[in-house]
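Asker: Please see the structure below; I have some questions.
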Amino acid sequence: MTICVGLMSGTSMDGVDAVACDIRYKNGVVRIKPIAHFKKQYPEQLRERLYKAASGLGSCLPGELCLLNTKVGEAFASSANALMKKRAMQGVRVEMIGSHGQTICHIPEKGATMQIGSGALIAVRTGVRTWSDFRSADVARGGEGAPLAPVVHAALFGDKRKNVTALNIGGIANLTHLPAGETSLTSLLAYDTGPGNMLIDHAARKARVGLFDKDGASARKGVINEALLRKLLSHGYFRKKPPKSTGAGYFGAAAFGEWANMDLDVRLNRDILATFTELTARSVALEIEKLRRGNRPTDRLVICGGGAKNGYLVERIAANLGGVEVTTSDRLGVPSDMVEGMLMALLAWYADNGVAVDLSKITGARGGPAILGTLAPA
């Protein structure tokens, strides 16, 4: 038994999820089980600075990035320490931390990706050796650097009899297709489908609903603007073939500003929330249909990530996917807001044990299996 802590903040930039996991290896199979969870919201001022840095809004000088790297590292370390003080962690020794950091820029076609949040600072503040910067090694080898989620999706959601597609909806949505009975990463197909919560959250703030549209309550009351939706779905990313990945540069605040201001009689209220929610639902459904046409049918869709808590979004995805069983990871006993943290813990475990991960069929990285991550000793 090895206890690892995974730290994750996605493109939604709402805060840090810290998850403690029990990881065991037996007979060639890795088992992972969550044992504790802690969520820390970013302070509003830090969130706004991160939005601006990631979206290219305003000026982001090197000094600002340097300071944000420290601020995010402190937030991650604070989350890990709070998690380790929880009752479920009493008497438990954490052996390592896996930290995703906060994505500020992701341009894999130019061989570039940046996740900030100092791993060295996390290791010093927690006293636990910390693995971080998991995407860079993949991008350096010509890969997309994303998605990494298949590593944990395969362990959690694979089924011997059903073809499963795991859909993680964070700021960006990504899927992993798990053919029935397959466990090898080289048998899987995974990529970013496009926007997840990112545009919906921007719309919620602009419409003064809040930081997000809780359970999709406001979008449910809105009217989908089909003219705008058609324009959104004509975006070149949706025509791109996998492996592919995306981020705030394509679907962040700048894109929201451009699309929301189109002369299409779009009001910054429930209607735009409904339209961006439908964009996520329909873009996911289109990719599931492409998989089916490519002889990768989906019998069961498992939704995890923050989007799994948006009941209206889940309903719209199901409505666009007639004949497919649609469920959430929560209903399968895996809390949806812990899955990405579990992924970081598992990646740290792999790296710490010298296990190379083969993402060549997923990200397009060349050269076979590779150790992902950079170590900061305690």
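The values are calculated or read from the model by the stated rules, or taken from the named source; none is laboratory data. Predicted, not measured: the structure shown is a model, and the values here were computed from it. All Cβ positions, glycine included, derive from the backbone under ideal geometry; neighbour counts span all protein chains shown. Keep in mind that these areas ignore ligands, DNA and RNA; they rest on the heavy atoms of the full protein, side chains included. Shrake-Rupley method; radii C 1.70, N 1.55, O 1.52, S 1.80 Å.
Asker: Could you please let me know if residue 273 is open to solvent by less than 50 Å² (accessible area, probe 1.4 Å), more than 20 Å from residue 147 (Cα to Cα) and outside any helix (DSSP H, G or I)?
Answerer: For residue 273, the condition - open to solvent by less than 50 Å² (accessible area, probe 1.4 Å), more than 20 Å from residue 147 (Cα to Cα) and outside any helix (DSSP H, G or I) - is not met.
Asker: Which of the residues that make up the stretch 32-48 are in a helix (DSSP H, G or I) and either crowded, with 21+ Cβ neighbours inside 10 Å or without any contact (Cβ under 8 Å) to a residue 12 or more places away in the chain (or both)?
Answerer: 44, 45, 48
Asker: Here's something else I'd like to know. For the stretch 219-232, enumerate the residues that are open to solvent by less than 50 Å² (accessible area, probe 1.4 Å) and either out of contact with any helix residue (DSSP H, G or I) (no Cβ under 8 Å at 6 or more places or on another chain) or at pLDDT below 95 (or both).
Answerer: 222, 224, 225, 227, 228, 229, 232
Asker: Considering only the stretch 319-350, state which residues are free of Cβ contacts under 8 Å to residues at least 12 places away in the same chain and either assigned to a helix (DSSP H, G or I) or closer than 21 Å to residue 198 by Cα (or both).
Answerer: If the condition is that a residue be free of Cβ contacts under 8 Å to residues at least 12 places away in the same chain and either assigned to a helix (DSSP H, G or I) or closer than 21 Å to residue 198 by Cα (or both), then 331 is the only one that fits.
Asker: List pairs: first in the stretch 94-106 and under 17 Å from residue 122 (Cα atoms), second among the polar types (S, T, N, Q) and not in a loop (DSSP other than H, G, I, E, B), Cβ under 6 Å, 6+ apart or cross-chain?
Answerer: 95/2; 97/130; 99/130; 99/132; 101/115; 101/132; 102/9; 103/115
Asker: Could you check the stretch 125-155 and list, in sequence order, the residues that are part of a helix (DSSP H, G or I), at pLDDT 95 or above and open to solvent by 40 Å² or more (accessible area, probe 1.4 Å)?
Answerer: 125, 140
The rows are residues; the columns are (1) part of a helix (DSSP H, G or I); (2) touching a Cys at 6+ places or on another chain (Cβ under 9 Å); (3) at negative phi; (4) at pLDDT 90 or above.
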site: 53; (1), (2), (3), (4): yes, yes, yes, no
site: 59; (1), (2), (3), (4): no, no, yes, no
site: 65; (1), (2), (3), (4): yes, no, yes, yes
site: 68; (1), (2), (3), (4): yes, yes, yes, yes
site: 71; (1), (2), (3), (4): yes, no, yes, yes
site: 75; (1), (2), (3), (4): yes, no, yes, yes
site: 79; (1), (2), (3), (4): yes, no, yes, yes
site: 83; (1), (2), (3), (4): yes, no, yes, yes
site: 92; (1), (2), (3), (4): no, no, yes, yes
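Asker: All but one of (1) in contact (Cβ under 8 Å) with a residue 60 or more places away in the chain; (2) among the small types (Gly, Ala, Ser); (3) over 18 Å from residue 86 (Cβ atoms) hold for residue 63, so report the exception by its number.
Answerer: (1)
Asker: Within the stretch 177-218, take every residue that is assigned to a strand (DSSP E or B) and touching a residue at least 60 places away in the same chain (Cβ under 8 Å) and give me the one that is surrounded by the fewest Cβ atoms within 10 Å (Cβ to Cβ).
Answerer: Across the stretch 177-218, the extreme among qualifying residues is 189.
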